[in-house]
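The values are calculated or read from the model by the stated rules, or taken from the named source; none is laboratory data. Since the model is a prediction, treat every value here as computed from it, not as a measurement. Quick reminder, even Gly has a Cβ in these numbers, built from the backbone with ideal geometry, and neighbours come from all protein chains shown.
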């Protein structure tokens, strides 16, 4: 073996240090652009829950900074949730576009878990309303069941992607939902807004602070 | 005296292909990426990307698979096991090249960590 190395003409000027830096940077950059940005997703849901639940609480009790008329409160709440769903869907679709294989199957299965969970919740709510549940019962049930679905799915996601921040968020959402349910309607809206929405925002900050894809192979 | 330097893989060492292989290695093992998305990520023209992929394919480092989604032809690119191994070997070779340099630099003047 000779000590000379043959190169293409177009690699002139790339010394080992530059080459290693290029490899590392490109790998990290590509990884970031193929996975959803959790700061954006948690931030979006944090704002939607914080503002949405505070509006709901304010419009029911006439208290707080966001006390809208009762009818407007529900509309604003629903509008914020729909907006958050759209932002989430579009963002994930863009980030994961064009990639096929085991990880996209995993992602699709996980995505369906959310749809199925909320589909099931909708039928529970419809059934409870049909059985004559009072507005107070429905007001407890709605946030509690959705919090249960969200919390459990974050526990699953955290376990699947070995993401402690996501798992912790799941635990926190479950706790917030339990506390909210015990507080009763309409105080549960305040609990879900401050603890639940606040939890999402804290999770967004934690993810931002830990930097790109902690735990990814170097 | 000359230390024997490890050979650098000329297929990978060209900057454009180094970037390309690094990007493909960012996918999980067994995942493949559509040609247009790869082109968008790399910021290369289709012709340029195609040429680099052909070289990598000839070396057995990537597979280029043409499929149809409905009536639209789609091309998917995937790093082979051999390609992943080649990148690992190449990274190790680069590190080996760097080590004596780093040692010498440390012995001489302190490194400017910029």
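One table, with the values for the structure above:
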quantity	calculated
Criterion (at pLDDT 95 or above, more than 8 Å from chain A (Cβ to nearest Cβ), at positive phi and out of contact with any strand residue (DSSP E or B) (no Cβ under 8 Å at 6 or more places or on another chain)) met by exactly one of B:50, B:60	B:60
Residue among B:44, B:8 that alone is within 7 Å of chain A (Cβ to nearest Cβ) and assigned to a loop (DSSP other than H, G, I, E, B)	B:8
Which listed residue is modelled with pLDDT under 85, surrounded by fewer than 13 Cβ atoms within 10 Å (Cβ to Cβ) and closer than 21 Å to residue B:30 by Cβ, from B:69, B:81	B:69
Condition check for residue A:190: more than 20 Å from residue A:85 (Cβ to Cβ) and crowded, with 16+ Cβ neighbours inside 10 Å	yes
Some residue of the stretch A:28-45 being within 14 Å of chain B (Cβ to nearest Cβ), free of Cβ contacts under 8 Å to residues at least 12 places away in the same chain, crowded, with 16+ Cβ neighbours inside 10 Å and not in a loop (DSSP other than H, G, I, E, B)	yes
Filter result for the condition that a residue is more than 29 Å from residue B:66 (Cα to Cα), at pLDDT 90 or above and surrounded by 19 or more Cβ atoms within 10 Å (Cβ to Cβ), over A:19, A:78, A:83, A:72	A:19
Among the candidates B:28, B:89, residue that is in a loop (DSSP other than H, G, I, E, B), at pLDDT below 95 and either away from chain A (no Cβ under 11 Å) or more than 14 Å from the chain's Cα centre (by Cα) (or both)	B:28
From the options A:170, A:147, A:158, A:193, residue that is under 21 Å from the mean Cα position of the chain (by Cα), within 18 Å of residue A:48 (Cβ to Cβ) and free of Cβ contacts under 8 Å to residues at least 40 places away in the same chain	A:170
Residues (loosely packed, with under 15 Cβ neighbours inside 10 Å and in a loop (DSSP other than H, G, I, E, B)) located in the stretch A:86-112	A:97
Filter result (in contact with a strand residue (DSSP E or B) (Cβ under 7 Å, 6 or more places away or on another chain) and in a strand (DSSP E or B)) within the stretch B:69-83	B:73, B:74, B:75, B:76, B:77, B:78, B:79
